[in-house]
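A quick write-up on the structure given underneath.
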Amino acid sequence: WRNHQYILAMQDAWTCSVCEGKPAFNYEIYANDYGAHNPDFKAQEMNDFYFTSLSEGIRGLIMWGVKAERLGDESQGIGIVDLDGKMTPRALAVKDIIKFIKRNRDLLASYTPEPGLVAIVYDMKSDMISSIQDQSIEPKAAREIYRYKNNLKGWRRIFWDVNIPSDLLSSEKLSNLSKYRVVVLPALLHVSEEVKTILCDYVKNGGKLILDSGCGSRTAFGWAKPGRIDADLSRILGGL
């Protein structure tokens, strides 16, 4: 958590994106670290979690969970309060955050995040192709390999670290790319005809496109193509 705070912001940004203006909820923010030998989260970390989600435009927050379970992975210190109901420093921090939310309810209800300068495109089909391929290499290591998700997270991390606002968009909803200065395609393995047309128009109109490894290298069924990107897309994007 300490090294990957951007992932929470990324999750929240994606949730808000697919909600398309409807209230978005972060349904599971953990109250402590799963590792039995790791130190407890501190008040500052609770602030980080809550305010990160609020800053991304989330309207509802659920901290998981109030009390620890008595058996299983989520026992011991996972709850906000102790098993006997006693308050912890984490619980006191959450209490203060709830007071802040109540005091600023109107402001938070009308708040929207700063518009993104960059669009990072998520493509479900490419994600599935990558997942299938990685699991065929080594099923037990699939979560660690997972090239597509790691690629996507890496691009988000780049812009997060230098404080450049970035939006996450579905490849199925790219009708308004013109408002972005840069569009990033993390491992867009499959490029449909519809997406190809949208990307070509974006570049023709002066947009800057960043292609990542393997772009357009797979068919819709996941098979590797005998050549690289088809001629018209290659011509528009610089002779790839």
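To keep it simple, each residue is scored yes or no on (1) touching a strand residue (DSSP E or B) at 6+ places or on another chain (Cβ under 9 Å); (2) under 26 Å from Asn163 (Cα atoms); (3) of a type in the set (Val, Ile, Thr); (4) assigned to a helix (DSSP H, G or I).
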position	(1), (2), (3), (4)
Ile58	yes, yes, yes, no
Met87	yes, no, no, no
Ala91	yes, no, no, yes
Lys99	no, no, no, yes
Lys102	no, no, no, yes
Leu107	no, yes, no, yes
Ile120	yes, yes, yes, no
- Residue tally, condition more than 25 Å from Tyr111 (Cβ to Cβ) and in contact with a strand residue (DSSP E or B) (Cβ under 6 Å, 6 or more places away or on another chain), over the stretch 19-56: 0
- Note on the stretch 1-38: residues in a loop (DSSP other than H, G, I, E, B), at pLDDT below 90 and under 30 Å from Glu172 (Cα atoms) are His4, Glu20, Gly21
- Message: Of everything in the stretch 221-239, what is modelled with pLDDT of 80 or more and either open to solvent by 50 Å² or more (accessible area, probe 1.4 Å) or in contact with a Phe, Trp or Tyr (Cβ under 6 Å, 6 or more places away or on another chain) (or both)? Give them in sequence order.
- Response: Phe221, Trp223, Ala224, Lys225
- Query: Which residue pairs have Cβ atoms closer than 8 Å, lie 6 or more positions apart in sequence or on different chains, and pair a first residue in the stretch 191-205 that is more than 16 Å from Lys225 (Cβ to Cβ) with a second residue that is part of a helix (DSSP H, G or I) and hydroxyl-bearing (Ser, Thr, Tyr)?
  - Reply: Tyr202/Ser178; Asn205/Ser178
- Message: Six or more apart or on different chains, Cβ atoms under 8 Å: show the pairs whose first residue is in the stretch 94-121 and under 20 Å from Val81 (Cα atoms) and whose second is open to solvent by less than 60 Å² (accessible area, probe 1.4 Å) and aromatic (Phe, Trp, Tyr).
- Response: Val94/Tyr50; Ile97/Tyr50
- Scan the stretch 78-123 residue by residue and report those that are out of contact with any Lys or Arg (no Cβ under 8 Å at 6 or more places or on another chain), closer than 24 Å to Phe159 by Cα and exposed (fewer than 12 other Cβ atoms within 10 Å of the Cβ). Thr112, Glu114
- Name the residues in the stretch 1-30 that are small (Gly, Ala, Ser) and without any contact (Cβ under 8 Å) to a residue 60 or more places away in the chain, would you? Gly21, Ala24
- Message: Looking at the structure I just gave you, is Leu177 in contact with a Phe, Trp or Tyr (Cβ under 9 Å, 6 or more places away or on another chain) and open to solvent by 10 Å² or more (accessible area, probe 1.4 Å)?
- Response: no
- Message: Can you confirm whether Phe41 is farther than 30 Å from Pro115 by Cβ and surrounded by 19 or more Cβ atoms within 10 Å (Cβ to Cβ)?
- Response: yes
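The values are calculated or read from the model by the stated rules, or taken from the named source; none is laboratory data. The structure presented is a predicted model; accordingly, all values stated were derived computationally and were not measured. No Cβ is skipped: glycine too gets one built from the backbone with ideal geometry, and neighbour counts run over all protein chains shown. Note: areas computed on protein heavy atoms with side chains; ligands, DNA, RNA excluded. Shrake-Rupley method; radii C 1.70, N 1.55, O 1.52, S 1.80 Å.
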